[in-house]
Amino acid sequence: MRTPYKRRAIPRLPDVILCVAALAASPLPAAAQANLLTDIGPYTAVGINNAHHVGLEQGIYANGTVTPFPAGFTGAAINASDEVAGELVDAQAVGTSAFYVNGTVTDIGPFLPFPDETVAVTHAVGLSNSGLIVGNGNLNNPDSTAYGYLYDSTHVTVINSFPGVIAAQFQSSALGVNDSGQVTGEALKTDDVINGVVTDAYIYDSATSAMTDLGPGAGHAINANGHVTGSNAVGHAFLYSNGKLTDLGSAGVGMAINASDRIVGLGGTDGSGFFYNGVMIDLSSLIDPGDPLKPFLKFQGAVGISDDRMIVFNAMDTRTQINHAYLLQAPSLDVAPGPLVFASQPIGTISQAQTLTFTNAGTASLALGAITISGDFAQTNTCGTTLAAQDSCTATVEYQPTAGGSRIGSLTIVSARVSIVVPLSGSTPITVSLTPSARTTTAGTPVTLTWSATQGASCTATSDSTTADGWSGSLPASGNRPVTETSAGDYTYEITCTAGSQSVTAQTQVVVNWPPVSVTLAASPTTLMAGQAATLTWTSKNATSCMASGGGVNDNWPGSRATNGTATVTEAFVPASQVTLTFTLTCTSSVSNLSSEATAKIAEVPPPKSGGGGALDIRTLIALLGILAVRWAVVGRPAPRLERVDFMRRQGDGRSDP
């Protein structure tokens, strides 16, 4: 929170040094350029009046001479009559508000009558041409509440916080005042101990005691029209006029405003301070590039502006590391309505035109340079090489977007070697699409995501996956990418594309299933007798374990099995008749909990029967023929004919005739 009422320790230079420095700081000879600097000397400026007399903390600068203040007095504001409001410090370093007129300092504090308590007006900040003083002080009570005040030479009016605020140590501050008794500053809006303290800029009308809330921020200066400049909640300079608050579009604080709403202040895009003439212009760019002082300035910002645009600002001379006050004439060319903002426009189309008006608010003709434009914008203009005093010319601007999102550019016109830059902005709708190559897939199998966004957009991929699936990080405006999930689930993929301040998101969903478990099982041979062996062969896919069951008695088939392999089984059981054995293999995935089962069948047949007219096998037949041959040889009879043997075999009794 600002504490502008806190007294600053100001080192003072001896009066002799001040006078010598004032002589050294006399105005520069007339130069061809109107924007050369005048070095006032090693002082700190606080304001300027329309006579170009500068109020300093140490004295008054007028016509090349600095008149120092009496010892103990520090200036804070100057009016048209060269009266100065400031602070008087006594030997005990106690500061009070004071008023300087024609060499005399009048102490207007520290304590003035106030109902039921004592008011200490410790620090004057602002001064009107009519002699009204505003500043800050404390109520001399146990809480030592800080407040802003208005002093009209007879009494002090305390400016309280906004209605409804619980009493707090900080109530308000008063920073600027005009001849009508309108005061601006900041006042407590809320003092919520949980959500924090909020202060708003205000206009206080001393005639009616009405308080106008200008919104979060602080008012620093107010002109005769009741128009205010200051800083808003986001740290930008603002202009409040006719009930409307305009953000000037750049970080800074509006410190002074003239009769035509031209503003100067601290900050700007380069930190040097700024001049506002419808657009923000950095203070450094107003100085002629050929000025010999320019390279040695470390800017601290502008603090005052006259109605004819003479600016006073402070900067350090880097050669000596000493702060100086400087005068600089700002250009008289004004811009209206200021920065142009175009509505959303599709790529390849042309917007409705908007018009900028350039006005020479000065009393002499201005030389103009060529108008240039940048970005997705085009212009035509009626401006020539000169512009007469109080005359105007125009530039017509169109927006022609070539890419999506927020598009920015600028129009530049040069006057008296000062570039006046008008910011231009427009927008183009962003579109983005995202599609998968398949709506369903299996874990471990990639899906290709294809996207397309408006040209000029930058994109970012996100998904709800907890693993590195390949869909994350920055992406170009269009392309495709494979995405692989290792777990089953319903997945959402998003792409967010941004261009300028615009952002669009597209998404798609893919269902990822676990891959199925499969298994095959085969037996060879598929028919056998007891004691014979068979080979079982199996393969599985996506399984982590297998379990065997079924088969015959004691053939060692049941139990845990590898996911792929072979096994030999031997059936010792002798069946009385053919039986069918079923071998089962169940394979399971521990990841997905899915399983699959396969079976193989083997027919086991009983062995052949012996005796009982059974057919002779070849070995039995050969043995029988041998016996018969021996018998016939003993009795001397010829061996029987084979036909007899065949007959005997056909009879099946195993005997021969006697």
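Got a number for carbon plus sulfur as a percent of the stretch 274-340's accessible area, 1.4 Å probe?
Working: 1280 of 2190 Å².
That fraction is 58 percent.
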| message | Could you tell me the center-to-center distance, by alpha carbons, between the stretch 486-529 and the stretch 362-392 in angstrom? | response | 65
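I'd like the FRET efficiency for Ser81 and Ala378, computed as 1/(1 + (r/R0)^6) with the beta carbon distance as r and R0 of 41 Å, rounded to 0.05. Write out the running numbers ahead of the final one.
Values: r = 52 Å, r/R0 = 1.26.
Efficiency at R0 = 41 Å is approximately 0.20.
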| field | Sequence-distant lysines (8 or more away, or on other chains) whose Cα lies within less than 19 Å of Lys244 | value | none
| Non-local amide H neighbours of Ala251 (under 5 Å, H modeled in plane, Pro and chain starts lacking H): which ones? | Gly268
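Would you mind getting me the FRET efficiency between Asp291 and Thr467? Use the beta-carbon distance for r and R0 = 51 Å, nearest 0.05.
In this case the efficiency is close to 0.20.
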| field | Cross-link reach list, lysines versus Lys298, counting only Cα pairs under 27 Å and skipping chain neighbours closer than eight places | value | Lys6
| Of the peptides 500-509, 453-462, 289-298, how do they stack up when ordered by the mean number of other Cβ atoms within 10 Å, highest first? | 453-462, 500-509, 289-298
| said: What figure, in Å² to the nearest 10, do you get for the accessible area of Glu494 with a 1.4 Å probe and non-protein molecules left out? | reply: 60
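Which order do peptides 369-375, 265-271 fall in by mean Cβ count within 10 Å, highest first?
Numbers: 369-375: 15.0, 265-271: 21.6.
Final packing ranking: 265-271, 369-375.
The values are calculated or read from the model by the stated rules, or taken from the named source; none is laboratory data. None of these values were measured; they are calculated from a predicted model. Because the Cβ atoms are built from the backbone with ideal geometry, glycine has one as well, and the counts that use them run over all protein chains shown. Note: areas computed on protein heavy atoms with side chains; ligands, DNA, RNA excluded. Shrake-Rupley method; radii C 1.70, N 1.55, O 1.52, S 1.80 Å.
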